[in-house]
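Here the structure comes first, spelled out in structure tokens, and everything after it is commentary.
The values are calculated or read from the model by the stated rules, or taken from the named source; none is laboratory data. Everything numeric here is computed off the predicted structure, so don't read it as measured data. FYI the Cβ positions are ideal-geometry reconstructions off the backbone, even for glycines, and counts take in every protein chain you see. These accessible areas exclude ligands, DNA and RNA; they are computed on the full protein's heavy atoms, side chains included. Shrake-Rupley method; radii C 1.70, N 1.55, O 1.52, S 1.80 Å.
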Amino acid sequence: MLKRLFGRKPRERKVMVIGLDCAAPELVFDKYRDELPTFRELYRTGVYGELESCIPAITVPAWSSMMSSKDPGTLGIYGFRNRRDYSYDNMFIATGNYVKEPRVWDILSEAGKHVTLIGVPQTFPIKPVNGTTIASFLTPSLDSGFTWPEELAQKVLSIAPNYQVDVRNFRTPDKDWLLQQIWDMTEARFDVLNYLMETEPWDYFMWVEMGVDRIHHGMWSFMDPGHRRYEPGNKYENSIKDYYKLIDAQLQRMLSKIDDDTIVLVVSDHGGKKMDGGICINEWLWRNGYLALKEAPPEDKFDENGRRILTPFAKVEVDWENTIAWGSGGYYGRVFMNVEGREPQGKVKREDYEKVRDELAERFRAITDPDGKDIGTVVYKPQEIYRKVRGIAPDLIVYWGNLDWRSVGSFGHGGIYTFENDTGPDDANHASNGMFILYDPRQPGGGRKITGKQIMDVAPTILDLMGVKVPADMQGGHLLQT
């Protein structure tokens, strides 16, 4: 495969993976193309296209799905927070400890390849690799042990004393502060990246920048004329474009240091899109008789600044014996059914499970916007989209408005719709398609656009390019196969 595609011996090739969380193909390939010369040169001389994300299209589990070539069901990870068991409140955060399938760097390390990883999601807690690691945004603090080997931390902080794994409060109304934090974080990361490129031996070099995701969530309404809050000529109209230009310029600096034996792969785990509003999933379930509460939540209560006083789902008293289903908030909806013999106080009889699940799915798809227009909601059953279903999966996965709307789990919104996010200001949701660019300096691709690719195709491609056997249980194909 590799020799046919590239005409090179596998052992001679190195791969650099540039990960941009949430990078949107329509911005890189279209809207900003004339102002991103480094990206433009990569896809003009390589191959490129959109990259369909997993379901759900969110950072966790998307990056691990990409790098293991396993779907979220096989990984048993359905989001940042997952049910540990069938009780009602026992949840866990999906750190790297919960990824049981080998990812690309594990396989390469075993094959004797030197790997360097910076900021790749679900690499905390730190685990040994044949090379170096700087952990990702789920790292609680830099005091938690964020590098492998441990002594690398001191060097990182000497190069970038203010190094950060993430912008902790990106849902903020203070946009000047947010932009400064994102900018500072990214520039510090590039200082460290350039140092590691020049000083560490590596065959595989991968980094992921979370700043793209954070600036999309914080600033999308200022850039997108289709967003309901967009105002032409606002002071932040070019903030996202300027950030992409920063990355483009820094990429040029990095790529000038690689040789012709290094293949470059740019990837994003999902895209970005405007958020039209939120569907209050638990409000809807309660109002429609699927969720029973021991006491009605407060309605239409406001603080001294006129903001609604909301009640998180965890703070209401649920009458579990009479509850059929409940849901969670996030960029997509997770709906859990209260099943007899499965949950402690199950209401839905086993023989009625599919009937009730189908009924819920049909009613979710029928929810319109406030003006009565169909929003195009898509509902998935895990058993129908995953090869395996491990762990405790949601009974239904809901893309409200096909991700134009987010899922809101709290009460007190005065109805089933909200146009304010209950976790802080947020302008964007995730789009199902991210992007990829594959550039081989020894075998230019001529700017060929490739369609029909998805994130599980990435890991097999990397292994093949590096001459390492692709495990038979990987679910993806090859980015260069048609």
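Report yes if some residue within the stretch 31-39 is among the basic types (Lys, Arg) and in a helix (DSSP H, G or I); otherwise report no. Within the stretch 31-39 (the criterion being among the basic types (Lys, Arg) and in a helix (DSSP H, G or I)), the answer is yes, since at least one residue qualifies. Over 25 Å from residue 214 (Cβ atoms) and modelled with pLDDT of 95 or more - does that describe any residue in the stretch 296-312? Looking through the stretch 296-312, none of the residues is over 25 Å from residue 214 (Cβ atoms) and modelled with pLDDT of 95 or more. Criterion first (surrounded by fewer than 19 Cβ atoms within 10 Å (Cβ to Cβ) and modelled with pLDDT under 95) does residue 191 satisfy it? No; evaluated as a whole, the condition is false for this residue. When 327, 401 are checked against the criterion of being touching an Asp or Glu at 6+ places or on another chain (Cβ under 7 Å) and modelled with pLDDT of 95 or more, a single residue qualifies: 401. Only residues that are open to solvent by 80 Å² or more (accessible area, probe 1.4 Å) and either touching a residue at least 60 places away in the same chain (Cβ under 8 Å) or hydroxyl-bearing (Ser, Thr, Tyr) (or both): list them for the stretch 222-244, please. Residues satisfying the conditions are 228, 229. Remark: residue 388 matches the filter, which requires a residue to be in contact (Cβ under 8 Å) with a residue 12 or more places away in the chain and open to solvent by 40 Å² or more (accessible area, probe 1.4 Å). Give me the pairs, please: first residue somewhere in the stretch 311-333 and closer than 14 Å to residue 87 by Cα, second residue anywhere and part of a loop (DSSP other than H, G, I, E, B) and of a type in the set (Ser, Thr, Tyr), beta-carbon distance under 7 Å, and either six or more positions apart or on two chains. So the pair list comes out as 320/88; 325/290. Just so you know, in the stretch 285-319 the residues that are of a type in the set (A, V, I, L, M, F, W, C) and in a loop (DSSP other than H, G, I, E, B) include one that is surrounded by the fewest Cβ atoms within 10 Å (Cβ to Cβ), and it is 296. Taking the stretch 425-467 as the range and being open to solvent by less than 30 Å² (accessible area, probe 1.4 Å) and among the polar types (S, T, N, Q) as the test, the residues that pass are 429, 461. Pairs meeting the criteria (first residue in the stretch 396-421 and more than 19 Å from residue 365 (Cβ to Cβ), second residue polar (S, T, N, Q) and in a strand (DSSP E or B), beta carbons under 9 Å, at least 6 apart or on different chains) are 409/328; 410/311; 410/418; 411/311; 412/311.
Regarding residue 471, is this residue surrounded by fewer than 22 Cβ atoms within 10 Å (Cβ to Cβ), closer than 19 Å to residue 18 by Cβ and more than 18 Å from the chain's Cα centre (by Cα)? No; evaluated as a whole, the condition is false for this residue.
Among the candidates 395, 422, 374, the residue that is more than 19 Å from the chain's Cα centre (by Cα) and over 17 Å from residue 330 (Cα atoms) is uniquely 374. No other residue among 421, 402 is over 17 Å from residue 69 (Cα atoms) and in a loop (DSSP other than H, G, I, E, B) apart from 421. For the stretch 207-227, a residue qualifies if it is of a type outside the set (A, V, I, L, M, F, W, C) and part of a loop (DSSP other than H, G, I, E, B), and the qualifying residues are 224, 225, 226, 227.
Taking the criterion of being in a loop (DSSP other than H, G, I, E, B) and either over 22 Å from residue 109 (Cβ atoms) or over 16 Å from the mean Cα position of the chain (by Cα) (or both), the residues of the stretch 62-87 that qualify are 71, 76, 78, 79, 80, 84, 85, 86, 87. Scoring residue 106 on the criteria (1) open to solvent by 10 Å² or more (accessible area, probe 1.4 Å); (2) of a type outside the set (A, V, I, L, M); (3) touching a residue at least 12 places away in the same chain (Cβ under 8 Å); (4) not in a helix (DSSP H, G or I) leaves a single failure, condition (4).
Each row is one residue, and each column tells you yes or no for (1) among the β-branched types (Val, Ile, Thr); (2) loosely packed, with under 14 Cβ neighbours inside 10 Å; (3) not in a loop (DSSP other than H, G, I, E, B).
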{"residue": "120", "(1), (2), (3)": "yes, no, no"}
{"residue": "127", "(1), (2), (3)": "no, no, no"}
{"residue": "154", "(1), (2), (3)": "no, yes, yes"}
{"residue": "157", "(1), (2), (3)": "no, no, yes"}
{"residue": "161", "(1), (2), (3)": "no, yes, no"}
{"residue": "172", "(1), (2), (3)": "yes, no, no"}
{"residue": "179", "(1), (2), (3)": "no, no, yes"}
{"residue": "183", "(1), (2), (3)": "no, no, yes"}
{"residue": "205", "(1), (2), (3)": "no, no, yes"}
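In the stretch 289-305, the residues that are within 22 Å of residue 324 (Cβ to Cβ) form Cβ pairs under 6 Å with partners that are among the hydroxyl-bearing types (Ser, Thr, Tyr), at six or more places apart or across chains, as follows: 291/323; 292/323; 297/311.
Yes/no per residue for (1) within 22 Å of the chain's Cα centre (by Cα); (2) in a helix (DSSP H, G or I):
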residue: 341; (1), (2): no, no
residue: 354; (1), (2): no, yes
residue: 357; (1), (2): no, yes
residue: 360; (1), (2): no, yes
residue: 384; (1), (2): yes, yes
